[in-house]
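Here the structure is laid out as structure tokens; the discussion comes afterwards.
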Amino acid sequence: MTIEAYLAYDDGTDTRYELVDGVLVEMGAESEINVLISGFLVSVFLRFLPHYCIRRGTEIVVSGKAANTRYPDLMLLTEAGVKALSRQRRSLITLDMPAPRLVVEVVSSSDTDKVSRDRDYIEKRQEYAQRSIPEYWIVDPIAAEVSILTLVAEPYQERRYIGADQLLSRHFEALDLTAEQLLQAGL
């Protein structure tokens with residue numbers, strides 16, 4: 001399926017799909033831990049950005065073997081991105097729109113689901129780097145770590161944080177948050 005066909009697709013239900021390599025993939029319900037951690041991060045980032053730049057439930061088109069879209073757990077948009085998105089009928093960031101400044105994925109089943117783990121750690125890492133997203137966070141409550149990936153040049157430069165490690169963000173230098181504080185938001 002192409003992006004154009006995907007955007008026109010309507011099966012008459014409220015089912016959410018991602019388009020992965022041109023194939024519709026039904027999105028299951030979010031886990032409670034994803035909701036809690038991403039909600040907590042909304043409250044954290046409200047100190048740095050206006051509410052309309054902080055997005056949950058917004059989809060993004062990324063490059064892949066074929067047409068791809070993703071629903072990150074959280075995205076932080078630039079003002080230019082918000083302006084471009086305001087002209088869309090659907091909350092979808094297309095390839096011709098500015099990339100988000102930060103994307104967060106919460107890995108909710110990294111201990112039991114290798115496909116889910118690989119999707120966040122490998123596939124999305126490549127897709128978000130190709131999309132030129134400057135910062136990508138992988139929050140992994142099962143592994144009890146937070147990875148912050150910074151795009152200096154492809155591939156991302158990665159730094160992992162555990163316990164009382166202070167999270168360091170190139171784009172939010174005044175961030176006062178430890179890995180443990182973020183991970184405990186999901187409990």
Checklist entry - For Gln130 and Lys83 in one chain, what is 0.36 nm times their gap in residues minus the Cα-Cα distance, to one decimal in nm? => result 14.7 nm
Next on the checklist: What number comes out for accessible area per residue over the chain if the probe is 1.4 Å? Units Å², please.
Outcome noted: 50
Checklist entry - Taking the stretch 57-109, which trypsin sites (Lys or Arg not before Pro) meet the DSSP loop condition and have no more than 13 other C-beta atoms within 10 Å? => result Lys65, Arg87, Arg89, Arg90
Checklist entry - Quick one: Karplus J couplings for the stretch 132-145, per residue in order, coefficients 6.51, -1.76, 1.60, θ = phi - 60°, nearest Hz, x for Gly and Pro? => result 6, 7, x, 9, 10, 9, 10, 9, 10, x, 5, 7, 6, 8
Next on the checklist: Can you give me the C-alpha center-to-center distance between the stretch 162-187 and the stretch 135-156, rounded to a whole angstrom?
Outcome noted: 12
Next on the checklist: If amide hydrogens are placed 1.01 Å from N in the peptide plane, which non-local residues have theirs closer than 5 Å to the one on Ser108?
Outcome noted: none
Next on the checklist: Multiplying the sequence separation of Ala8 and Ser31 by 0.36 nm and subtracting their Cα-Cα distance, what value in nm do you get?
Outcome noted: 5.5 nm
Checklist entry - Heavy-atom accessible area of Ile148 with all protein chains present, probe 1.4 Å, nearest 10 Å²? => result 10
Next on the checklist: Counting only other residues whose beta carbon sits under 14 Å from that of Ala164, what net charge do I get with K and R as +1, D and E as -1?
Outcome noted: -3
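State the percentage of accessible surface on the stretch 1-40 attributable to carbon and sulfur atoms; use a 1.4 Å probe and exclude ligands, DNA and RNA. All intermediate terms of the calculation are to be shown ahead of the outcome.
On the way: 1350 of 2420 Å².
Carbon and sulfur atoms account for 56 percent of the accessible area of the stretch 1-40.
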Checklist outcome for this item: Per its Cα gyration tensor (rounded if a/c is under 1.5, else prolate when a/b beats b/c, else oblate), the stretch 7-145 is best filed as rounded
Item to check | Potential extension, Ser169-Ser116 segment - 0.36 nm per residue separation minus Cα distance | outcome: 16.6 nm
Item to check | Highest-MSF residue in the chain out of Ala99, Ala143, Ala153 [GNM, Cα springs under 10 Å] | outcome: Ala153
Checklist entry - Which of the trypsin sites (Lys or Arg not before Pro) found in the stretch 135-187 are in a DSSP loop and have at most 11 neighbouring Cβ atoms, other than their own, within 10 Å? => result none
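The values are calculated or read from the model by the stated rules, or taken from the named source; none is laboratory data. If you're wondering where the values come from, they're calculated on a predicted model, not measured in any experiment. Glycine gets a Cβ as well: all are built from the backbone with ideal geometry, and neighbour counts include every protein chain shown. Note: accessible area is taken over every heavy atom of the protein model, side chains too, but ligands, DNA and RNA are not part of it. Shrake-Rupley method; radii C 1.70, N 1.55, O 1.52, S 1.80 Å.
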